Amino acid sequence: MAATETFQITAEQAEVYEERFVPALFAHWVDAVLDAAGPRAGQDVLDVACGTGIVARHAAERVGPTGHVTGLDLNPAMLAVAARVAPDLAWRQGDVARMPFDDDRFDVVTCQSAAMFFPDLAGALREMARVTRPGGVVAVQVFDRREDQPAYGPWIAMVARHAGKDALRMLGTYWVHGDRDLMRTTCGSAGLRVTAVHDHERPACFPSLEAMVLTEVNATPLGDRLSQGELDAIVADSYEVFEPFRTAGEETLTIPLTGYVVVATPEPGVVVPRARPDVSGRYSGREPAQDGR
């Protein structure tokens, strides 16, 4: 089975993620997440499923030298890149289902473009609530449903016509939490009170249409399954799908991507079931503060 079948990331893929995916997609959502979360100078911030650390790096700028930022990710290859790019921050390997932190540890917990990968979203949110101090903030960004995506929706439908219905599943991961009402309900079941939901549209930018197709396909198990003929046909039909978003004479492609940030706080008086912390998680970069913050 190829590594992408389980969405495991190799060292090479982590470098590609930082080089291509971060500037193309995820960097555009950083301000949306941090503006909603509102970290302030001196606060302690945790970025869950931090990847190569784009949100954590910007959070560090907001909390300043008196604050502390920790990035948590399950994949060591992602953390290796994060530590290389920002060695002064704390990077921790661990599972969101059993985070290696004490109760009430952080003022702000963020999670950008990652909730769709959690096998148990309610359990992950419960853990975020557990490690957040009373009165603290949890901010989680997810994308809208596939059928509500103005560019990605028609494109994925086209890919499925060439690659089969299984492509809907392999390219569908990003969109599984687009239902806002269901997200509110899930937050409530995890001991979080939703205080705001912010809708956003952000660009997804690629150096070319072909680069977009290869980037999206190769980030999923689909990249290991398509024949060259199928891939060529997908590239050809992508020109028609993305025609409304292309600018004449320009090779670059910028398409809209919609989503939202849900902001919540631990419910007062609600006892959040405490997962047993995974103390085996490893640190890289700077060690987190040991002053109780």
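The values are calculated or read from the model by the stated rules, or taken from the named source; none is laboratory data. Note that the structure is a prediction, hence the values are computed from the model and not measured. Cβ atoms come from the backbone with ideal geometry, glycine included; neighbour counts cover every protein chain shown. Side chains included, ligands, DNA and RNA excluded: accessible areas come from the protein's heavy atoms. Shrake-Rupley method; radii C 1.70, N 1.55, O 1.52, S 1.80 Å.
A few notes on this one:
- The stretch 167-186, residues that are over 17 Å from the mean Cα position of the chain (by Cα), over 12 Å from ILE156 (Cα atoms) and open to solvent by less than 30 Å² (accessible area, probe 1.4 Å): THR186
- Among the numbered conditions (1) open to solvent by 20 Å² or more (accessible area, probe 1.4 Å); (2) touching a residue at least 60 places away in the same chain (Cβ under 8 Å); (3) within 30 Å of ASP103 (Cβ to Cβ); (4) aliphatic (A, V, I, L, M), the only one that ALA163 does not meet is (3).
- Among the residues making up the stretch 131-151, a single one is open to solvent by less than 10 Å² (accessible area, probe 1.4 Å) and assigned to a helix (DSSP H, G or I): VAL131.
- THR52 being open to solvent by less than 10 Å² (accessible area, probe 1.4 Å), among the polar types (S, T, N, Q) and in contact with a helix residue (DSSP H, G or I) (Cβ under 8 Å, 6 or more places away or on another chain): yes
- Filtered residues of the stretch 187-210 (kept if under 26 Å from PHE245 (Cα atoms), open to solvent by 30 Å² or more (accessible area, probe 1.4 Å) and in contact (Cβ under 8 Å) with a residue 40 or more places away in the chain): HIS198, ASP199, HIS200, GLU201, ARG202, PRO203, CYS205, PRO207
- As a summary of the residue check, PHE101 satisfies the conditions (1) among the aromatic types (Phe, Trp, Tyr); (2) surrounded by fewer than 24 Cβ atoms within 10 Å (Cβ to Cβ); (3) more than 18 Å from ARG130 (Cβ to Cβ) except for the one numbered (3).
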